[in-house]
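One structure is given below, encoded as structure tokens.
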Amino acid sequence: MHLIGFDLQVIEEGRTEGWLTVEEKHQQQKGYAHGGLIATLADITAGFAAYTLVPEDQHVVTAEIKVSYFLPAIGQKLHAIGWVLKQGRKINFCEAEVWDVIEEEGKEPRRRLVAKATTSMATVFPQ
């Protein structure tokens, strides 16, 4: 998370959100944010949302993630939000959204939903 510059700013029970300022290293052709980066942001926010709901002696890992991409991310910032839809003893079902924020001088920033993810986060019981 820190290696890519993602800042998780909101951590609540079952919900997290964070921001990333897009740099050249995050981009692919035409300046679009790389799809792997967007999937990573969705995975981080959903995973931490699930983690807030498990006891301290337990952990969560991604069991499955499906990301649907709607638009190429062209904004200067990315905003990711993750939340738990249903908590279970062994699996937490989560969703995440990734938005880009397009800033133009003299205008209000424009937000666009660029991807949505559904995830299953498995609870790990350390030995």
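The values are calculated or read from the model by the stated rules, or taken from the named source; none is laboratory data. Computed from a predicted structure; not experimentally measured. Because the Cβ atoms are built from the backbone with ideal geometry, glycine has one as well, and the counts that use them run over all protein chains shown.
Do we find a residue being modelled with pLDDT of 95 or more, touching a Gly at 6+ places or on another chain (Cβ under 8 Å) and polar (S, T, N, Q) anywhere in region 55-72?
yes
For region 8-37, how many residues are of a type in the set (Asp, Glu) and under 11 Å from the mean Cα position of the chain (by Cα)? Give the derivation first.
Within region 8-37, the subset of a type in the set (Asp, Glu) is 12-13, 17, 23-24.
Subsequent filtering for residues that are under 11 Å from the mean Cα position of the chain (by Cα) retains 17.
Qualifying residue count, region 8-37: 1.
Output the residues belonging to region 51-89 that are within 13 Å of Val124 (Cα to Cα) and touching a Phe, Trp or Tyr at 6+ places or on another chain (Cβ under 9 Å).
Listed by number, the residues that qualify are Asp57, Gln58, His59, Val60.
When you scan region 85-100, do you find a residue that is acidic (Asp, Glu), closer than 17 Å to Gln28 by Cβ and touching a residue at least 60 places away in the same chain (Cβ under 8 Å), even just one? Write out each step before concluding.
Initial filter on region 85-100 (acidic (Asp, Glu)): 95, 97, 100.
Subset that is closer than 17 Å to Gln28 by Cβ: 100.
Narrowing further to those that are touching a residue at least 60 places away in the same chain (Cβ under 8 Å): 100.
There is at least one residue in region 85-100 that is acidic (Asp, Glu), closer than 17 Å to Gln28 by Cβ and touching a residue at least 60 places away in the same chain (Cβ under 8 Å).
Would you tally the residues in region 14-58 being surrounded by 16 or more Cβ atoms within 10 Å (Cβ to Cβ) and either in a strand (DSSP E or B) or of a type in the set (Asp, Glu) (or both)?
8
Within region 76-123, how many residues turn out to be touching a Pro at 6+ places or on another chain (Cβ under 8 Å) and buried (at least 20 other Cβ atoms within 10 Å of the Cβ)?
So the count comes out to 1.
Which of the residues spanning region 59-74 are crowded, with 21+ Cβ neighbours inside 10 Å and more than 21 Å from Glu23 (Cβ to Cβ)? Don't jump to the end; show me each part of the working.
Pass one, region 59-74, residues crowded, with 21+ Cβ neighbours inside 10 Å: 60, 73.
The answer is Val60, and nothing else.
How many residues does region 101-127 hold that are outside any strand (DSSP E or B) and touching a strand residue (DSSP E or B) at 6+ places or on another chain (Cβ under 9 Å)?
Going through region 101-127, the residues outside any strand (DSSP E or B) turn out to be 103-109, 125-127.
Still in the list and also touching a strand residue (DSSP E or B) at 6+ places or on another chain (Cβ under 9 Å): 103-104, 109, 125-126.
Of the residues in region 101-127, 5 are outside any strand (DSSP E or B) and touching a strand residue (DSSP E or B) at 6+ places or on another chain (Cβ under 9 Å).
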